[in-house]
Amino acid sequence: MAAIDIPEVHKFIATVPPFSSLNLTERKQLLTGVSMLYVRQGQVISLENGAATVHLIRRGACEIRTPKGGLVDQIADGECFGLSSTMSQNPDGLQVVAMEDSLVYRFEKKRFLDAVEQNEAFGLFFEHTRHNRLRKLSRSQSSELSSPALQLSMPVTQIMSRQLIQASPDESVQTVAIRMTEARVSSILVLENKRLLGIVTDRDLRSRILAVGGSSDIPIEQVMTKDPVSLKTDALVMQAQTLMSESNIHHLPIVDDALNVMGMLTVADLLRHQELSPLLLVNQIHRQHSVEGLAQTCKQWPTLTINLIVTDMKPVDIGKVLATVSDNLTRRLIELALEALGLAPMAFQFLVFGSQARRDQSLGSDQDNGLMLEREPTDEESQYFAALAEFVCNGLGACGIRLCPGNIMASNPQWRMTNQGWQQKFTSWIQSGSPSALLNASIFFDIRCVYGEASVVDELILKMQQTISKNSVFLATLTRSALSTKPPLGFFRHFLLESSGEHKHQLDLKHQGLALINDLARLYGLSCQTYRVATLDRIEQAIREKLISVDTARNLMDAWDQLNELRLETQRVHWQSTGKASAYLNPESLSSLERKHLKTTFGIISDVQDVAQQRFLRGYS
């Protein structure tokens, strides 16, 4: 138990909902007897006896788990745990495990319950949080949801091994082989100051030493696989399994942004945590040999998406799963097109834009894509790529990814260009600043390569960023466009609803909410030196480059999470009742507390729009 600076705690909780709703006297009473814990990564935090009370994370991250290890929730700075212990004696036996080294405030139980009794809003907040977690617990324990979707949606950090067997690059092959034998592992990581240099497996030792009569005294760096395939810590089990299958590997290092190794994932780990050995959708896709087979396989897609939603998976992770399926479906269609049409006459890249590029697709998403060609094609070559694009786009449509209403698809010759052609197009949009150019920027400047040499597309993105950084007028014009639509809140914070038509008295969560955040994130993202395509990644990068304050950015990210979760749930309800996806919501269907949260979310968007206006429109009328 660490000593605690009460004024610092006062300052912190005054900014954290719902503690910020307490008056000064109530906060002082609550903080009487508060203590601070320092917990190490992996430590289980006691919620028994005197510790059976509410805790607030000051800095760090924790997971709430069932006694059998099932994930209920993940929480971080400014969030609380211990509610079940405090309010209902924790009948489900929930446990809290630190995901990283963390600082935690622990309140005295009596002081906390007094605050709940005295302040209605304070109590309602925690009651709502507790019920939400119990709902997640119920769903996670439901046998109906013990499905491939639930297992594949787990973060890789939950099943990877954190006990790393490692070697230095100058150690001998014999020394490393002995260490592997003693640890009973089939692979070893070669690290230098925690940074991943390579990997050595049993197969490497057999094929590169024993089979060729090599010396066991040579340094391991001469035997290792250099710069091995790896995956970031925020990836999902589904992404790991897909990558390992595509790369034909059985050992996958898990690294952070600096390529420091955080864990190791093996095929055995995957099998151990997928006891049902599910026939994964992405594997089914790669086994199909016709568009008809793919279309039949992809009939599972809506069910997969709905399963992900009802398991209370994070919206950002749902987007990653759907993008992984979309990317693999696109690649399989390209492979089938090449089988039907013959080898391509030149190198090409298949580009995706919009929601697939940002990895935030949902039910009913349409396709936005294009082709980048190595050089100007001849007439015959143009016909080849027209046929390939038609095959892929119509195939995606047959598999449930709708054709783009605006015809932004590779099947449109307007969006089949050389690398230079795309660069000229991007430059013209940046220099023009016309309404049509800004519309194109909002779609095409969210770009990702899903087939072909990605470095060519990286070069296009780099030049785009450099051009934008020299053109403050374009950023100002893009800002005006991004701020032209306001969140649907009136002067007295009433919802501004559709006044007529099919969606009368409803809110458009996509265009009146999420799109506004995507626009803001794009604006900040294009202002950064480093390009990111996903909305939350762009906001994080803006924090790193000090273009936006941490508090403003975190609020906007929370708003994106809240709106995305509400949008996905709304789409699920519509899909299951009508067979169509819709992001229109009648706010009367929400509880009073949920409506209050939604108004707060829209208010955050409005506040960040004001911040963006000050930053990017200063000096421009």
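The values are calculated or read from the model by the stated rules, or taken from the named source; none is laboratory data. Everything quoted here is computed from the prediction, not taken from an experiment. Here the Cβ positions follow ideal geometry from the backbone for every residue, glycine too, while neighbour counts run over all protein chains shown. Side chains included, ligands, DNA and RNA excluded: accessible areas come from the protein's heavy atoms. Shrake-Rupley method; radii C 1.70, N 1.55, O 1.52, S 1.80 Å.
Tabulated results
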| read-out | value |
| --- | --- |
| Region 466-621, relative contact order [Cα under 8 Å, separation at least 6], % | 30 percent |
| Structure-based [θ]222 nm, the chain - -39500 (n - 2.57) summed over DSSP H runs of at least 4, per residue, nearest 500 | -15000 deg cm²/dmol |
| Spin-label model distance (nm) - LYS68 vs ASP610, 7 Å beyond Cα toward Cβ | 5.0 nm |
| Mean Cα-pair separation over length for region 157-226, i.e. relative contact order, pairs under 8 Å, 6 or more apart, % | 36 percent |
| Listed residue pairs exceeding 23 Å between alpha carbons, taken from LYS194/LYS463; LYS504/LYS596; LYS68/LYS109 | LYS194/LYS463; LYS68/LYS109 |
| Cut-off 15 Å (backbone N to label point 7 Å along Cα→Cβ of THR427), residues of region 461-488 | 461-471 |
| Loop-located trypsin sites (Lys or Arg not before Pro) in region 517-568, at most 16 other Cβ atoms within 10 Å (DSSP) | LYS546 |
| Global form of the chain, assessed from the alpha-carbon gyration tensor, a/c cut-off 1.5 | oblate |
| Accessible area in the full protein assembly, largest first, 1.4 Å probe, for ARG493, ARG59, ARG595 | ARG59, ARG493, ARG595 |
| Fraction of accessible area attributable to carbon and sulfur, the chain (%, probe 1.4 Å) | 50 percent |
| Where only C-alpha atoms are counted, convex hull volume of region 326-417 per residue in Å³ | 87 Å³ |
| Ordering of 352-364, 323-335, 30-42 by burial proxy (mean other Cβ atoms within 10 Å per residue, highest first) | 352-364, 323-335, 30-42 |
| Stretchable slack from ASN407 to ALA211, in nm (0.36 nm times residue separation minus alpha-carbon distance) | 64.9 nm |
| Solvent-accessible heavy-atom area per residue, rounded to whole Å², over the chain at 1.4 Å | 47 Å² |
| Sequence-separation-based contact order of the chain, relative, with Cα cut under 8 Å and 6+ spacing, percent | 8 percent |
